[in-house]
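Inspection log for the structure reproduced underneath, given as C-alpha cells.
Laboratory data are not the source of any read-out in this text; all were calculated from the coordinates shown. Given the structure is predicted, the values throughout are model-derived calculations rather than measurements. Here the Cβ positions follow ideal geometry from the backbone for every residue, glycine too, while neighbour counts run over all protein chains shown.
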Ligand code: URA
C-alpha cells in the first residue's frame, strides 16, 4: 500500500528541489525538511504502551513507544534522508545497507550490512529517496526480514509506479510512504519528472 503525503509544505519543498539549479546545500536542507515533515505520517500508527507517568504534582499514566525504532538508510542516497528522521526520532538506532548492482545478474547485492543484533522487536523504517525500479528497496527489505525484522515500513521522496508495483508484489506487508508518486521511469531507469540522481545531488558528485 502506498501513502502519498500530499501536504502543502512537502509539495513546496519538493517543487523547489526538483529544479536542476537548486544548489547542493539547499537540496540537502530541503530533503532533510521533507523527511522531518513526513515523520508524523510515517510513524502515526506506531504501537504505544500505557506506562505510569510521574509529574511534579502527581502520578498519572502516559504512553511510550512499545518498540524501539531502527532507521535503515540504503546507501548512498538514503543517508540524505536520515537526518530529518533523526531530528524527530533521536533515540532511533541507525542500521545501514549498502547495495551494488551485480553486472552479470543485474540484481542488487549487498556489500555492507550493519544493524542491531536483534530486529525482531523493533519498528524498522527503511529510507531511500527514490523508489525507481524497486530492486534495491525489495532487496533491502528482504535482508532485514532475513535478520528477523517483521515490522517494516518504507519511506521515500519520489516513487515511480513501476517501482511501487514491484515493491507491493514482493513486499505486500510493507507500507510505502512517499512525498510524490511521479509518472514513470525512462529507459535508463530515471524517474520522470523526478529530480535526477538524488545521490549525486545530495553529495555534489554530479
Ligand atoms: N535514482 C535516482 O537517484 N534518481 C532516479 O530518478 C532514479 C533512481
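List the equivalent ellipsoid semi-axes of segment 150-206 in whole Å, largest first, each obtained as the square root of 5λ for an eigenvalue λ of the Cα gyration tensor. Each step should come with its number before you reach the end.
On the way: eigenvalues 99, 41, 17 Å².
Each semi-axis is √(5λ); the values are 22, 14, 9 Å.
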I need the fraction of alpha carbon pairs in segment 111-206 separated by more than 20 Å, rounded to a whole percent. 38 percent
In whole µm²/s, the translational diffusion coefficient that Stokes-Einstein assigns to segment 17-56, given a Kirkwood hydrodynamic radius over C-alpha pairs, 25 °C and 0.890 mPa s, equals 185 µm²/s
For the chain, the longest principal axis of the Cα atoms and the Cα long axis of helix 24-42 enclose an angle in degrees, to the nearest 10, of 50 degrees
Percentage relative contact order, segment 119-196, counting C-alpha pairs under 8 Å, at least six apart: 33 percent
Return one number: the angle in degrees, 0 to 90 and rounded to the nearest 10, between the long axis of the Cα atoms of helix 161-170 and the longest principal axis of the Cα atoms of the chain. 50 degrees
Limiting things to C-alpha atoms, what are the Rg and the maximum Cα-Cα separation (Dmax) for segment 39-100, in angstroms? 15.6, 56
So if the hydrodynamic radius of segment 56-159 is defined as the Kirkwood radius over C-alpha pairs, what does Stokes-Einstein give as its diffusion coefficient at 4 °C and 1.567 mPa s, in µm² per second? 89 µm²/s
Simple label model, 7 Å out from Cα along Cβ direction - residue 41 to residue 188, nm: 2.9 nm
Compare the peptides 200-206, 35-41 by average per-residue count of other Cβ atoms within 10 angstrom and give them in order, highest first. 35-41, 200-206
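Suppose the chain between residue 24 and residue 66 were pulled fully straight at 0.36 nm per residue; how much longer would it get relative to their current alpha carbon spacing? Before the final figure, lay out the partial values.
On the way: separation 42, 0.36 × 42 = 15.12 nm, distance 3.77 nm.
Stretched fully, the residue 24-residue 66 segment lengthens by 11.3 nm.
Packing-wise, with mean Cβ within 10 Å as the measure, how do 118-129, 8-19, 52-63, 170-181 rank, highest first? Intermediate results must be reported in sequence, preceding the final value.
Working: 118-129: 21.8, 8-19: 15.0, 52-63: 8.5, 170-181: 18.6.
Ranking, from highest mean packing down: 118-129, 170-181, 8-19, 52-63.
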Rounded to the nearest 500, the 222 nm mean residue ellipticity computed for the chain from DSSP H runs (n ≥ 4, each -39500 (n - 2.57)) alone is -10500 deg cm²/dmol
Could you work out how far apart the two model spin labels at residue 16 and residue 120 are, taking each label as a point 7 Å from the Cα in the direction of the beta carbon, and quote it in nm? 4.7 nm
Segment 1-94: spread of alpha-carbon positions along the three principal axes, whole Å, largest first, is 55, 33, 28
The chain -> Rg/Rh from Cα coords, Kirkwood Rh, value 1.00
Given points 7 Å out from each Cα along the Cα-Cβ axis, report the residue 145 to residue 48 separation in nanometres with one decimal. 3.0 nm
The chain: angle of helix 78-88 to the longest principal axis, Cα-based, in degrees nearest 10: 20 degrees
